[in-house]
1. If you go through region 68-81 one residue at a time, do you hit one that is farther than 20 Å from residue 154 by Cα and among the hydrophobic types (A, V, I, L, M, F, W, C)?
2. Considering only region 16-48, how many residues are touching an Asp or Glu at 6+ places or on another chain (Cβ under 8 Å) and of a type in the set (Ser, Thr, Tyr)?
3. Every residue in region 170-185 that is farther than 14 Å from residue 17 by Cβ, in a loop (DSSP other than H, G, I, E, B) and in contact (Cβ under 8 Å) with a residue 60 or more places away in the chain, please.
4. Could you please find all residues in region 141-168 being in contact with a Lys or Arg (Cβ under 7 Å, 6 or more places away or on another chain), surrounded by 14 or more Cβ atoms within 10 Å (Cβ to Cβ) and either assigned to a strand (DSSP E or B) or among the hydrophobic types (A, V, I, L, M, F, W, C) (or both)?
5. Test residue 193 against the stated conditions and say whether it is at pLDDT 90 or above and surrounded by fewer than 14 Cβ atoms within 10 Å (Cβ to Cβ).
6. Does region 10-32 contain any residue that is modelled with pLDDT of 95 or more, surrounded by 16 or more Cβ atoms within 10 Å (Cβ to Cβ), in contact with a Leu (Cβ under 9 Å, 6 or more places away or on another chain) and closer than 14 Å to residue 106 by Cβ?
7. Hey, among the residues in region 81-101 that are among the small types (Gly, Ala, Ser) and surrounded by 15 or more Cβ atoms within 10 Å (Cβ to Cβ), which one's farthest from residue 52 (Cα to Cα)?
8. Of the residues that make up region 77-88, is at least one under 13 Å from residue 151 (Cβ atoms) and among the acidic types (Asp, Glu)?
Amino acid sequence: MPHPPLLLASSSRYRHELLTRLGLPFSSASPDIDESPLAGETPDALAIRLAESKARALISTHPEHWIIGSDQVAALPDGTLLNKPGNHLNARKQLTQSSGQSINFFTGLALLDASSGNLQTSCEQFTAHFRNLSSEEIDAYLHKEKPYDCAGSFKMEGLGITLFRELQGRDPNTLIGLPLIALTGMLTAWGRNPLLEPQQHL
């Protein structure tokens, strides 16, 4: 019996590129949810709730799919959340705050079977230890890569790797936005092992 089709609940080109690595056919759709944190909500709880909310938001339009939701929350050591900066000024402020700090990234993941309501969730943590960055380095990096749509104001898969002195976590894809190790485990638990499926050329 064929598996249900996969749907990525995201318009992010970064998550799309990551999911393509598993070689499974999938489609994408952008969910419309409120991403505001709740009062007293911890970063990991927020990441999981948003990932699940993204998946559930697409049930009505994709009732036969397995829906993948993911969301990332970045936090300074004092708990301050780092959002997508949107522009150069905000990105410079974020990287200045992050300089010499250890920033925790919490990536929530949800796999939802829309037809049955079965759900798997997890939260992957990844810690980025930043070097002490000069103002000149920060501005030079931002002008070269313009990571204004990235939480934390960097692209780890690009020149952003030069900002760090150390990275800690079990899956580097987590830092980009989609934990492929955890997702593979979820898919395999439901009988869909990417290694045992025909390779797709997407």
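1. Scanning region 68-81 turns up at least one residue that is farther than 20 Å from residue 154 by Cα and among the hydrophobic types (A, V, I, L, M, F, W, C).
2. Number of matching residues: 0.
3. Result: 179, single match.
4. If the condition is that a residue be in contact with a Lys or Arg (Cβ under 7 Å, 6 or more places away or on another chain), surrounded by 14 or more Cβ atoms within 10 Å (Cβ to Cβ) and either assigned to a strand (DSSP E or B) or among the hydrophobic types (A, V, I, L, M, F, W, C) (or both), then 142, 150, 151, 159, 163, 164 are the ones that fit.
5. Criteria met by residue 193.
6. Checked against the condition, which is being modelled with pLDDT of 95 or more, surrounded by 16 or more Cβ atoms within 10 Å (Cβ to Cβ), in contact with a Leu (Cβ under 9 Å, 6 or more places away or on another chain) and closer than 14 Å to residue 106 by Cβ, region 10-32 yields no hits at all.
7. Applying the filter and picking the extreme gives 99.
8. For region 77-88, residues under 13 Å from residue 151 (Cβ atoms) and among the acidic types (Asp, Glu): absent.
The values are calculated or read from the model by the stated rules, or taken from the named source; none is laboratory data. Being a predicted model, the structure only gives us computed values, none of them experimental. Every residue, glycine among them, receives a Cβ derived from its backbone with ideal geometry; neighbour counts consider all protein chains shown.
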